[in-house]
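For reference, the structure is listed below as structure tokens.
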Amino acid sequence: MANVVDIQVVPPPLPASWAPPASTGKATAPLVERRLLPAGPAYLAHVKRAVHKLTFEEHDQHAENERKRLEALNGTGVNGEDDLGVGDEEEGDDLLLLDPKEWKKQDHYRVLGLSHLRYKATDEQIKIAHRKKVLKHHPDKKAGVAGDANDDAFFKCIQKAFEVLTNPERRRQFDSVDPYFELLEADVPTPTQLKNAKNLNKFFFETFGPVFEREARFSRKQPVPMLGSYEDSKATVEAFYDFWYNFDSWRSFEYHDKEVNEGSDHRDDKRYTEKKNKAERARRKKEDTARLRDIVDRALAHDPRIKRIKQEEKEAREAKKKNKGGAANGASQKQKEEEERKKKEEEEAKRKEEEEKAARAEAKKAKAAAANAAKKARRQQRAAEGDA
């Protein structure tokens with residue numbers, strides 16, 4: 001059981017030279033009531049604890065979890081600075097055992113921990129990734145540590161990767177033959193898959209969309225039209241395929257060029273090697289152009305928008321034809337009515353003409369009869385006068 005001991009605290013005596021302070025003789029300022037506003041990190045922490053009913057330990061744990069979440073979201077670089085999303089990729093044993101002499105066969109983005117960014121990595125991100133790797137794998141930091149005999153070799157791979165990716169021309173050559181994307185080039189939907197797809201609209205856009213997005217990075221002309229959606233207009237679809245059938249690619253294959261035999265300075269050897277490299281680059285370029293053309297042909301042959309557009313055009317033609325036929329029938333009916341009207345008018349005119357002709361004949365006949373009667377009356381009168 002613990003024992004409690006009271007300790008008397010006795011203040012030390014005042015020094016002999018101490019004296020009370022002299023009065024200044026000034027009046028004391030009047031009291032003023034002021035309103036104090038609570039602020040500061042301590043007050044905010046108190047509010048959080050009060051609102052969420054947390055203990056000090058629970059609040060500290062919550063703050064630590066939030067710090068880790070933000071660190072995972074934004075990433076932290078050297079000395080706690082923002083690393084622009086570079087992060088820290090896992091380094092497998094196969095990566096750490098790379099041979100710097102085989103640098104052309106290596107994935108430089110993976111060496112620097114930029115596999116998730118690749119050709120989208122900015123110059124600043126490449127510098128940050130390189131600085132991280134140097135601080136971690138510099139030979140001076142590993143000197144005398146057992147099991148790190150190959151760290152010097154991997155450090156050379158890091159330096160070579162940084163050298164390639166910071167040179168715009170050499171980086172473009174490496175991006176042209178990026179091993180990661182070369183593996184994805186075969187990931188294109190086959191005609192059989194497109195034919196057997198239950199929902200062609202959804203399958204077509206979900207599978208071909210990423211394909212054209214990958215290929216777009218090689219275009220000299222920017223921006224590049226993407227696949228779009230099922231509701232695109234005819235003009236949009238035609239512009240898309242027109243662009244991709246005339247695709248202007250900057251992709252080249254110098255990265256695979258073979259070096260001149262080591263130790264050979266003969267001019268003919270250099271010319272022969274360069275000739276072989278040039279022919280090989282042309283062959284690879286031709287194959288790549290044919291590969292892209294095959295992708296565009298396959299997309300055009302199975303594009304559901306083409307079928308929709310053709311159906312819409314067919315319906316428009318039929319509607320136009322129907323409207324044209326109705327207009328023709330209307331015109332024909334009107335013309336028939338006009339002909340009947342004219343026929344009736346002609347018959348009426350002919351009837352009137354006949355009536356007038358008959359009337360004239362009757363009038364002429366009556367006139368002749370009247371003349372004959374007058375003539376007969378004069379003969380009778382002359383005969384009567386003769387008898388008298």
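What the table below lists for this structure:
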read-out	value
Burial ordering of 248, 178, 387, fewest other beta-carbon atoms within 10 Å first	387, 248, 178
The range 93-166 - convex hull of the alpha-carbon atoms, volume per residue in Å³	82 Å³
Virtual paramagnetic centre 7 Å along Cα→Cβ of residue 300, amide N under 14 Å, in the range 214-246	237-246
Compactness relative to 2.2 N^0.38 Å, alpha carbon Rg of the range 185-235	1.27
10 Å Cβ shell holding at most 13 others, DSSP loop, GluC sites (Glu not before Pro): longest site-free stretch of the chain	91-230
Distant alpha-carbon pairs in the range 120-225 (separation over 20 angstrom), percent	61 percent
Per residue convex hull volume, Cα atoms of the chain, in Å³	767 Å³
About the Cα centre, charge dipole magnitude for the range 189-302 (Lys/Arg +1, Asp/Glu -1 at Cβ), debye	240 debye
Test item: Cα-centred dipole of the chain, Lys/Arg +1 and Asp/Glu -1 on Cβ, debye	4000 debye
Computed E for residue 243/residue 66 - FRET, C-beta separation, R0 56 angstrom, nearest 0.05	0.75
Residue order, fewest to most beta carbons within 10 Å, for 51, 211	51, 211
Theoretical gain in end-to-end length, residue 89 to residue 308 [0.36 nm per residue, Cα-Cα removed]	74.2 nm
Relative exposure of 241, 230, judged by other C-beta atoms within 10 Å (fewest first)	230, 241
Rh by Kirkwood over Cα pairs, then Stokes-Einstein D for the range 194-320 at 1.002 mPa s and 20 °C, µm²/s	121 µm²/s
Cβ-based charge dipole, the chain, positive-most Cα from 311, 237, 227	311
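Here, each number is a calculation from the coordinates, and none is a lab measurement. Keep in mind it's a predicted model, so treat the numbers as computed, not measured. Glycine gets a Cβ as well: all are built from the backbone with ideal geometry, and neighbour counts include every protein chain shown.
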